[in-house]
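The values are calculated or read from the model by the stated rules, or taken from the named source; none is laboratory data. Not measured: the values here are computed from a predicted model. Neighbour counts run over all protein chains shown; Cβ positions are idealised from the backbone, glycine included. To get the accessible areas, we keep the full protein, side chains included, count just its heavy atoms, and leave off ligands, DNA and RNA. Shrake-Rupley method; radii C 1.70, N 1.55, O 1.52, S 1.80 Å.
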Amino acid sequence: MDTTDNASLFSYTSGRYLFNENVRLKERHVEFNVEALQRAAEASVNNKHGKVISMKKLAEGGFNRVFVLVLQNGFELIAKIPYHIARPEYFATASEAATLAFLRLRGIPVPEVYSYSATAENPVGTEYILMEKAPGVCLASKWVNLQDLEIRRLAHSFVELETKFFQIPFSATGSLYFKKDIPSSLQAPLDTEEHATEANQFCIGPIADYMFWYGRRASLKLNRGPWKNHVEYLQSIAKKEIDWTQRYGKPMKPDFPHNDLGLGIQRPGDHLRLLECYQLLTPHLLPKDPAHPFNQPTLRHPDLTPSNIFITPETGRISCLIDWQHAIIQPQLLAAGYPRAFENPDDELSPELVEPKLPEDLESLQVEEKAAVCELYRRRLLFFSYRVLNGHFNRHHIAALRDPLLLGRQMLVDRAGRQWEGNLITLKGAIMRTAQFWEHLPDVKSVKCPVQFDQMELDQFSENEDDWLKMSVAVEQWRKRVCNITEEGWVRNEDYEEAKKKLGDLEEEIRLQCEGDEEDIQAFRTGWPFRDREEVD
């Protein structure tokens, strides 16, 4: 039996962290019974393919470790094991298994689930899903070699699939489950009367959105759905943060350089007042008519990156969509938007639909510049193709995308669901803009905006927000300079030593810039963002 050293099977080896590395690695260390997993894999395909002869780590993502197991006759299958931070325990695995099974019944190309355990109370000693190895090749590995026709086929095949998502008539907001996995008190009907088999097998249950279970939220008694009423869902997003902030929120300063803006200590009580303002707005963010298409509960892929898309090499068409953990069903207007793999690579969205072109002097460019120009062109062509085909085939989605307040409302809901970390600016800005454009919200003709700001407060805030955004841009540029480190400080293994040196150089450069100003120096010393620190969750 060929297998990797067990220690590397259990531990995170796909990157390094420049700060709080011990915390990140501990979160991602999951021990289990290797032999029991192999026996479970053999049994999951009815022992038709013999014994497992090799097992190796295939990938490690933000919340899971993925292994490929090869059986005696060459058959391969995938074992997916969540980290300890992959909240919600039980629900995340149960929901993903049910979501995959449901989508396959709907003709969506996703891996077949052979077996799963949503609890660690099994011989393997951890939750797991055993599933089909995705057919085709990963888009991330094929992307740079795709021809124009293949890019258009990719967009076309994805829009065809996505149109199906927007047409599934779910009854509630939440996540998908097998009925057998969820207490009846937590079930809402699937609402697919014409598919009796599905209705008998599946239900909508508590939301598997990570932010409803993150850290100590998992132990709080919260309303996690399912929700028949979209206003209750919108309010629950803030209620979980209100409950958490009341218990655990502390006065704090933001990190450097934001702590150098002169805003002083930020207090959780002010954050709570903003969350209450958000809750006053929630009845008016979506149309009042529950049957309005914008309120239709809609399922989409939770994180559609090129790594989660597999294509048929010969055609460029989608062969499989993987990684459905944390998938949720939510009102269509909140679900709408461009998936990450299909996003606009440019800062502005052109009102004109003009097909991108390569520059005429392409062949005269230097190798690196030519590669960058071709990469931008491919991304523009994929975005353009998705945009055009979406408008042609998916009228529900295009209606939401054309709503002028789409991003403002989505941003407001997103900010209200974020943890208190000493930042009052982003949520307040989203609330102020909603109040500013109040008359453009649906069904508010005779309703006065429940949140009011005087002109002096608006002017003062505008100045603070501009400064805050400039600081955020600066931090983003610092990350890019340090080998594109993530917010958690992750870098590729091969970049670690270089990133460590670049971070040290950056820290010294910023320290020298602050010298001579005692306030700047103090802000830098106490709030340098790329440092080991105690975390609050």
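Brief remarks on what is shown
- Test: SER472 is open to solvent by 50 Å² or more (accessible area, probe 1.4 Å), under 18 Å from LEU261 (Cβ atoms) and among the polar types (S, T, N, Q): no
- Within region 364-378, residues that are without any contact (Cβ under 8 Å) to a residue 12 or more places away in the chain reach partners that are among the basic types (Lys, Arg) and surrounded by 13 or more Cβ atoms within 10 Å (Cβ to Cβ) with beta carbons closer than 9 Å, at six or more positions or on different chains, in the pairs SER364/LYS370.
- For LYS448, the criteria (1) of a type in the set (D, E, K, R); (2) part of a loop (DSSP other than H, G, I, E, B); (3) within 25 Å of PHE63 (Cβ to Cβ); (4) modelled with pLDDT of 95 or more hold in every case but one, which is (3).
- Residues in region 476-500 that are closer than 16 Å to GLU21 by Cα, within 22 Å of the chain's Cα centre (by Cα) and not β-branched (Val, Ile, Thr): GLU487, GLU488, GLY489, TRP490, ARG492.
- Candidates are the residues of region 370-386 that are of a type in the set (D, E, K, R) and in contact with a helix residue (DSSP H, G or I) (Cβ under 8 Å, 6 or more places away or on another chain); the one that is nearest to PRO356 (Cα to Cα) is ARG378.
- Within region 188-206, one or more residues are among the hydroxyl-bearing types (Ser, Thr, Tyr), closer than 21 Å to ASN295 by Cα and either in contact with a helix residue (DSSP H, G or I) (Cβ under 8 Å, 6 or more places away or on another chain) or modelled with pLDDT under 95 (or both).
- The set of residues in region 51-72 that are in contact with a His (Cβ under 7 Å, 6 or more places away or on another chain) and open to solvent by 40 Å² or more (accessible area, probe 1.4 Å) contains only GLN72.
- Of everything listed in (1) open to solvent by 30 Å² or more (accessible area, probe 1.4 Å); (2) more than 25 Å from the chain's Cα centre (by Cα); (3) closer than 24 Å to LYS26 by Cα, the single unmet condition for LEU503 is (1).
- Qualifying residue in region 231-240 (condition: touching a Pro at 6+ places or on another chain (Cβ under 8 Å) and open to solvent by 40 Å² or more (accessible area, probe 1.4 Å)): no
- Subset of region 73-82 (residues that are of a type outside the set (Gly, Ala, Ser) and open to solvent by 40 Å² or more (accessible area, probe 1.4 Å)): ASN73, PHE75, GLU76
- Tally of residues being over 18 Å from GLN410 (Cα atoms), out of contact with any Pro (no Cβ under 8 Å at 6 or more places or on another chain) and either open to solvent by 40 Å² or more (accessible area, probe 1.4 Å) or among the aromatic types (Phe, Trp, Tyr) (or both) across region 287-311: 5
- HIS284 being over 28 Å from ALA101 (Cβ atoms) and open to solvent by less than 50 Å² (accessible area, probe 1.4 Å): yes
- Candidates in region 4-38 are the residues that are basic (Lys, Arg) and either buried (at least 17 other Cβ atoms within 10 Å of the Cβ) or touching a strand residue (DSSP E or B) at 6+ places or on another chain (Cβ under 8 Å) (or both); of these, the one that is farthest from GLY125 (Cα to Cα) is ARG16.
Conditions tested, residue by residue: (1) part of a loop (DSSP other than H, G, I, E, B); (2) small (Gly, Ala, Ser); (3) open to solvent by less than 30 Å² (accessible area, probe 1.4 Å); (4) at pLDDT 95 or above.
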site: ARG273; (1), (2), (3), (4): no, no, no, yes
site: GLY316; (1), (2), (3), (4): yes, yes, yes, no
site: TYR338; (1), (2), (3), (4): yes, no, no, yes
site: PRO351; (1), (2), (3), (4): yes, no, no, no
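- Pick from region 319-332, criterion of a type outside the set (Asp, Glu) and open to solvent by 20 Å² or more (accessible area, probe 1.4 Å), ranking: farthest from ASP414 (Cα to Cα): SER319
- Only a single criterion out of (1) in contact (Cβ under 8 Å) with a residue 40 or more places away in the chain; (2) closer than 29 Å to ILE510 by Cα; (3) not in a helix (DSSP H, G or I) is not satisfied by ALA474, namely (3).
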